[in-house]
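Participant: Structure incoming, see below.
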Amino acid sequence: MSFLLEADDLVRVYTGRGGLLGKAQPVRAVDGVSLRLGRGETLGIVGESGSGKSTLGRMLLGVDPAQGGTVRFDGRPMPARNTTEWRALRARMQMVFQDPLAALDRRLTIAAQIREPLDIHRIGTEASRATRVTELMHAVGLRPDQAKRFPHELSGGQRQRVVIARALATKADMLVCDEPVSALDVSIQAQVVNLLRMLQKQTGLSMVFISHDLKVVRNLCDRVAVMYLGRIVEEGPSEHLFANPRHPYTQALVSSVPEPGRRLDGRVILQGEPPNPAKRPPGCAFHPRCLRATDICRSGIPALQPLGTDRTAACHLVAGETRAEVA
Amino acid sequence: MIRFISLRLFRAALTVLAVMTFAFVVLRMSGDPAQVLLGPDVPQNVIDDFRADWGLDKPLWRQYLAYLGAILTGDFGLSMRGGAPALDLVLERVPATLILTIPALFLKLSIGIPAGIYAALHRDSTIDRGVIVLAILGFTVPSFVMGLVLVLIFSIQLGLLPSGGFGTWLHAILPALTISVGGIGLLARFSRSAMIEVMGQPFIRTASAKGVKWRDVVWGHALPNAAVPIVTIVGFMVGSLIAGAVVVETIFSWPGIGRLLIVSVSNRDLAVVQCILLLIAAVMVCSNLIVDLLYGWLDPRLRAQPAH
Amino acid sequence: MGNLVEIRNLSVSFDGVPVLHSVDLQVAQGEALGLVGESGCGKSVTWLAALGLLPSKATITGSVTLGQTELVNAPRPALENVRGGRIAMIFQDPSSALNPVIQVGRQMTEALKLHRGLRGNAARTEALRLMDLVGIPDAKGRFNLYPHEFSGGQCQRIMIAMALAGEPDLLIADEPTTALDATIQAQILDLLARLREEMRMGLVFISHDLGAVAQVCERVSVMYAGRIVEQGPVAQLFDRPRHPYTRGLFDAIPRLDGPRTLLAPIPGTVPDPYNLPMGCAFSPRCSHAQDFCHKERPELLRQRDGRALACAYPLPEAGAHKTTMEKVTS
């Protein structure tokens, strides 16, 4: 099977700074991430703030430059940022952000915004562009009479529909969504999640879906990668991963999800703060918050290792368990 | 901190140098001082002698280097009219200007800021609307118009104050008032919008929700946050203490720096003009430096930011 | 046990546009009450109005009593004594809810001075004790730091500590975990539940996260378009929601188990307060709505099973539950 997107060993380093007198110190926001995205597949990326998931999302599109590693799109290496080839390729890969109001130009009508990528990439004639806009608005569930409206006249959910319609205008093959439903109420969130799902079914779109909401990720994504401090710590098919999380961090994340009807008692509440990329602990980055950490976790960085056929995890203890099971 | 200050100082020095260079070049491109000073009917050899005396016959870059060298030793050159040291001529006029601008600054602060804050706290009230209208009037009416209007009212109609000249403190009132009007308007508007923005912040609601008295919410919680934008404007005003009275001094025939500048420019009195511009630039740059340091003191979040 | 706070007939309008319509709500001593609903339904406005924290363009009518004290349109000094003293409130985005230019220690001691008359060292010691209590590591060393030097979760802990400073009878927590990471959310929920027990404090937990509400509350009120539409004990309401809106809120949540099917969103959006629909405000989005619902507005009435409900055609009580579920999700 050929993958639409192949990322290998991506590294993003930026220079942080501590205070007025602080020395500039490199912060590894993304630290050696590899992943594959199949055609028509949805890959979820979950993690806390500071895990590097948003940075990774931008790197997959080549918006954020990588200090190391490679990205291949449709079998070919990603052209360098801001080159003509890259801009042409951007028609095939689009991004959707959390705050639709910030992503939209408040002086342009809805129709004009959806049309914009067609104008930029010079796709079709005047008439065919107008038809395409009507099609797209219908596809994302916007009424024709809303074409002449401005972003502030729409609700949050409707604005996100506009952003999605715009992202799909050029018949993109890949969509990177960064927390696209986090700012929406639960009822509206469900509308947008369903929309993404239906669009994917109709168009065979591949999606990378970045979110801290495990429930939404599980519902929408075929596979999930869990990130902690710039690295993937566990990856697998979403149903298996959430039903039987192996990495202690994934276990804590899954356990922290409040569900109506489940009381607080008996949940693993992860202590400590979300990780700070400027202060990466030695060994396994998760060990200071891990209930099961042992000596080896404090010194050696665990590598991602296969667990069975379709899952991987980066944990010394899980690797040990697996070996024991096999033996 | 030392790194921060030395970086700012370096940038300040660069700014001053840029102003000096600009003034030097423009002045020399825009007309020949020999022609202006000696008049049209002077024979060529007199002009040549004059130019040789003042070094104007040398190439521009040599003149410039000589000028820079002299400045570094504290020599600001001599006035081409009368030959007095330019620095002395300029410093002599500074007090007259400050007599106008310092009281004006005091008026701007003591009227503009309270008016803006009051308007912000009573948003959409009649007083708020009045403050907005007056503020806009204050900084849109040019000072020569404002000066004339004040003269019309207080000197000609009421006969209370002299319409110009220099002497008693009564003479200073109208020009100082004229200078301050625009600043009062500007400060009122900026204080108002800064305060409105801060009063809408979540932490103001937090302070109220924990039972802080209204007065303390305003003074203790809101004002320190509104200070940064206000200080920016005040810094600009302090910076223009020297240069802010050019027009008004001319209207009221006030013997300050401004008038000296106008006269010297029209006479192409190079050393004096350069000296004044240098002084103006230095004061502006110093006040900017102080404002920069104040930012860090007022807002702890700015302390941690890298100095670009 | 008597009611600590009684809200009767509370209405709020902004510039003449009503956003809260005669709400009745009681909070008993030491009770944990959840308020749920989509944004703009009036959850926060209810309590901001009760404490006089709404901007002056808001018109408030009705009554909120705390013991013998009437709070609606009460004089400012009376309200200032109640706020942070008997009723404390914490907010959604902890990082912007603390004053950025004042050291957190000073923000803590300010509350202690106001409500307990503590000054100097006594205030400092008590502030440190509270910061310890809410789990701020190295409180002593970080007493003089500014809010931006703390993470979001720690800022919320400081907000909670500050709210505890006045030893309030009631804590209003307005979406206290919404802006935080899931793991930190769990910590804060745990902290709130523990403190409530230890301090015998009432809690009003405002949230659109039904899961979070279920974890810390005993009773819950569901609000829609400025009215309470269903109210009852958490277990009863969450096991068998009877208002189609409550039911819709549950069905819209994706699950962490079971098959990955399409979600069941509530169609449409929350109505604009300028332009409320006739009859039941939820009727345009309701799959159960009949003609009556579009014409008449149902009253909030006590039901046989003890809950209060404002719906003319509610989902059935126990027994016929299954068929209803199919109907709603189809």
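Participant: Testing A:His138 on (1) surrounded by fewer than 22 Cβ atoms within 10 Å (Cβ to Cβ); (2) part of a loop (DSSP other than H, G, I, E, B); (3) out of contact with any strand residue (DSSP E or B) (no Cβ under 6 Å at 6 or more places or on another chain), one condition comes back false. Which one is that?
Facilitator: (2)
Participant: So which residues in the range C:102-116 are within 9 Å of chain B (Cβ to nearest Cβ) and either open to solvent by 20 Å² or more (accessible area, probe 1.4 Å) or of a type in the set (D, E, K, R) (or both)?
Facilitator: Within the range C:102-116, C:Gln103, C:Glu110, C:Leu114, C:His115 meet the criteria.
Participant: Somewhere in the range A:144-156, is a residue of a type in the set (A, V, I, L, M) and either open to solvent by 50 Å² or more (accessible area, probe 1.4 Å) or at pLDDT 90 or above (or both)?
Facilitator: Looking for residues that are of a type in the set (A, V, I, L, M) and either open to solvent by 50 Å² or more (accessible area, probe 1.4 Å) or at pLDDT 90 or above (or both), one finds at least one in the range A:144-156, hence yes.
Participant: Shifting gears a bit: In the range B:232-308, which helices (runs of 4 or more DSSP H) lie fully inside it and hold 2 or more residues that are polar (S, T, N, Q)?
Facilitator: Per the criteria, B:257-267, B:270-298.
Participant: Sticking with this structure for a sec: Please state which one of C:Asp209, C:Asp291, C:Asp305 is within 9 Å of chain A (Cβ to nearest Cβ) and of a type in the set (Asp, Glu).
Facilitator: Of C:Asp209, C:Asp291, C:Asp305, the one residue that is within 9 Å of chain A (Cβ to nearest Cβ) and of a type in the set (Asp, Glu) is C:Asp209.
Participant: Under 8 Å by Cβ, and 6 or more places apart or on different chains, what pairs join a residue from the range C:147-162 that is touching a residue at least 24 places away in the same chain (Cβ under 8 Å) and within 11 Å of chain B (Cβ to nearest Cβ) with one that is surrounded by 23 or more Cβ atoms within 10 Å (Cβ to Cβ) and basic (Lys, Arg)?
Facilitator: Partner pairs satisfying both residue conditions: C:Met162/B:Lys210.
Participant: Let me ask another. Of all residues in the range C:163-192, how many are assigned to a helix (DSSP H, G or I) and either in contact with an Asp or Glu (Cβ under 7 Å, 6 or more places away or on another chain) or without any contact (Cβ under 8 Å) to a residue 60 or more places away in the chain (or both)?
Facilitator: 11
Participant: Among the numbered conditions (1) open to solvent by 30 Å² or more (accessible area, probe 1.4 Å); (2) in contact with a His (Cβ under 9 Å, 6 or more places away or on another chain), tell me where B:Trp254 comes up short.
Facilitator: (1)
Participant: So the check is Cβ under 9 Å with 6+ separation or different chains; which pairs have a first residue in the range A:176-197 that's within 25 Å of A:Gly38 (Cα to Cα) and more than 9 Å from chain C (Cβ to nearest Cβ) and a second one that's of a type in the set (Ser, Thr, Tyr) and open to solvent by 20 Å² or more (accessible area, probe 1.4 Å)?
Facilitator: Once the first residue is within 25 Å of A:Gly38 (Cα to Cα) and more than 9 Å from chain C (Cβ to nearest Cβ) and sits in the range A:176-197, its partners that are of a type in the set (Ser, Thr, Tyr) and open to solvent by 20 Å² or more (accessible area, probe 1.4 Å) give A:Asp178/A:Ser54; A:Glu179/A:Ser54.
Participant: Further question on the same structure: Report, by residue number, each residue of the range C:53-84 that is out of contact with any Leu (no Cβ under 6 Å at 6 or more places or on another chain), assigned to a loop (DSSP other than H, G, I, E, B), open to solvent by 10 Å² or more (accessible area, probe 1.4 Å) and not β-branched (Val, Ile, Thr).
Facilitator: C:Leu53, C:Pro55, C:Ser56, C:Lys57, C:Gly67, C:Gln68, C:Asn73, C:Ala74, C:Pro75
Participant: A:Gly44: at pLDDT 90 or above, under 24 Å from A:Gln200 (Cβ atoms) and part of a loop (DSSP other than H, G, I, E, B), yes or no?
Facilitator: no
Participant: I would also like to ask the following. Tell me which residues, restricted to the range C:11-32, are of a type in the set (D, E, K, R) and open to solvent by 50 Å² or more (accessible area, probe 1.4 Å).
Facilitator: Selection gives C:Asp15, C:Asp24.
Participant: Filter the range C:90-101 down to residues that are within 7 Å of another protein chain (Cβ to nearest Cβ) and open to solvent by less than 10 Å² (accessible area, probe 1.4 Å) and give me whichever is nearest to B:Arg301 (Cα to Cα).
Facilitator: My answer is C:Asn99.
Participant: Within the range B:291-308, take every residue that is surrounded by fewer than 16 Cβ atoms within 10 Å (Cβ to Cβ) and away from every other protein chain (no Cβ under 11 Å) and give me the one that is modelled with the highest pLDDT.
Facilitator: B:Leu293
Participant: Taking the conditions exactly as written (more than 13 Å from chain C (Cβ to nearest Cβ) and open to solvent by 30 Å² or more (accessible area, probe 1.4 Å)), does B:Ser180 satisfy them or not?
Facilitator: no
Participant: Residues that are within 11 Å of chain C (Cβ to nearest Cβ), buried (at least 21 other Cβ atoms within 10 Å of the Cβ), in contact with an Asp or Glu (Cβ under 7 Å, 6 or more places away or on another chain) and within 30 Å of C:Leu249 (Cβ to Cβ): does the range A:222-232 have at least one?
Facilitator: No, that holds for no residue.
Participant: Taking C:Arg119 as the residue in question, decide whether it is open to solvent by 20 Å² or more (accessible area, probe 1.4 Å), more than 8 Å from every other protein chain (Cβ to nearest Cβ) and at pLDDT 95 or above.
Facilitator: no
Participant: Could you tell me how many of the residues in the range A:75-92 are hydrophobic (A, V, I, L, M, F, W, C) and touching a helix residue (DSSP H, G or I) at 6+ places or on another chain (Cβ under 8 Å)?
Facilitator: Qualifying residue count, the range A:75-92: 3.
Participant: Something else now. Kindly establish whether C:Leu53 is under 22 Å from C:Ser221 (Cα atoms), among the aliphatic types (A, V, I, L, M) and at pLDDT below 95.
Facilitator: Yes; evaluated as a whole, the condition is true for this residue.
This table checks each residue for (1) farther than 19 Å from A:Val233 by Cα; (2) touching a strand residue (DSSP E or B) at 6+ places or on another chain (Cβ under 6 Å); (3) open to solvent by 50 Å² or more (accessible area, probe 1.4 Å).
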{"site": "A:Glu48", "(1), (2), (3)": "no, no, no"}
{"site": "A:Gly52", "(1), (2), (3)": "no, yes, no"}
{"site": "A:Gly57", "(1), (2), (3)": "no, yes, no"}
{"site": "A:Leu61", "(1), (2), (3)": "yes, yes, no"}
{"site": "A:Gln67", "(1), (2), (3)": "yes, yes, yes"}
{"site": "A:Arg72", "(1), (2), (3)": "yes, yes, yes"}
{"site": "A:Met78", "(1), (2), (3)": "yes, yes, no"}
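Participant: Does the range C:231-255 hold any residues that are in contact with a helix residue (DSSP H, G or I) (Cβ under 7 Å, 6 or more places away or on another chain), open to solvent by less than 20 Å² (accessible area, probe 1.4 Å) and in a loop (DSSP other than H, G, I, E, B), and which are they?
Facilitator: C:Pro241, C:Pro254
The values are calculated or read from the model by the stated rules, or taken from the named source; none is laboratory data. All of these numbers come straight from a predicted model, not from anything done at the bench. Positions of Cβ are backbone-derived with ideal geometry, glycine not excepted, and every protein chain shown enters the neighbour counts. Each accessible area value is taken on the protein alone, full model and side chains, heavy atoms only, with ligands, DNA and RNA left out. Shrake-Rupley method; radii C 1.70, N 1.55, O 1.52, S 1.80 Å.
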